[in-house]
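Student: Dropping a structure here in structure tokens format, bear with me for questions.
The values are calculated or read from the model by the stated rules, or taken from the named source; none is laboratory data. Just so we're clear, the structure is a prediction, and the values are computed from it rather than from any experiment. Virtual Cβ from ideal backbone geometry, glycine too; neighbours counted across all protein chains shown.
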Amino acid sequence: MVISAIPHLMLCRIGTRSKASGVFDYIFINFFQVLYYVFYVFFDLSRDNPFLQAMTTLLTGDLIRAARALIGMSQVELATKAGITQKALSDFELGKRPITAKANEKLRRVFDEQKIQFIAANVEASQLEGTGVRWKPSQPNSGIKTI
């Protein structure tokens with residue numbers, strides 16, 4: 001909110017300066033407006049939008065197993081490609097231990113390379129409903145939330 005007030009305060013001073021100074025002020029004001037919108041998109045929007053928050057959701061064992069089956073990889077192949085151990089992958093899939101953020105990121109990277117997308121029902125809820133796995137479509141579907 002403070003940043004959005006700065007351009008309005010500066011508009012009052014523009015009329016009292018020369019044309020060259022006015023151009024500089026115009027560029028300066030636009031710079032701050034763009035900066036404000038960039039901060040909004042990266043910070044405020046992700047905090048307020050549950051769909052963007054879902055992007056950091058940790059994968060469940062069922063989702064990992066389903067994605068692995070969809071691309072036809074064994075645990076050994078997926079673990080090797082992701083840079084984790086087969087034992088850790090097996091434990092994640094069976095729910096013997098929770099997946100770590102680092103392993104989650106590595107697995108997501110492999111699945112993304114294979115054009116796999118994790119989805120859920122597009123509902124406003126804190127819990128994910130109807131989670132699943134699919135091939136990444138060429139045209140995004142607005143009725144399905146990606147996780």
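Student: Give the residues of the range 74-97 that are under 18 Å from Phe111 (Cβ atoms) and touching a residue at least 24 places away in the same chain (Cβ under 8 Å), sorted by residue number.
Tutor: Listed by number, the residues that qualify are Leu78, Lys81, Ala82, Leu89, Phe92, Glu93.
Student: Of all residues in the range 50-77, which are polar (S, T, N, Q) and modelled with pLDDT under 50?
Tutor: Going residue by residue through the range 50-77, those that are polar (S, T, N, Q) are 53, 56-57, 60, 74-75.
Once the filter is applied, which keeps residues that are polar (S, T, N, Q) and modelled with pLDDT under 50, the range 50-77 yields only Gln53.
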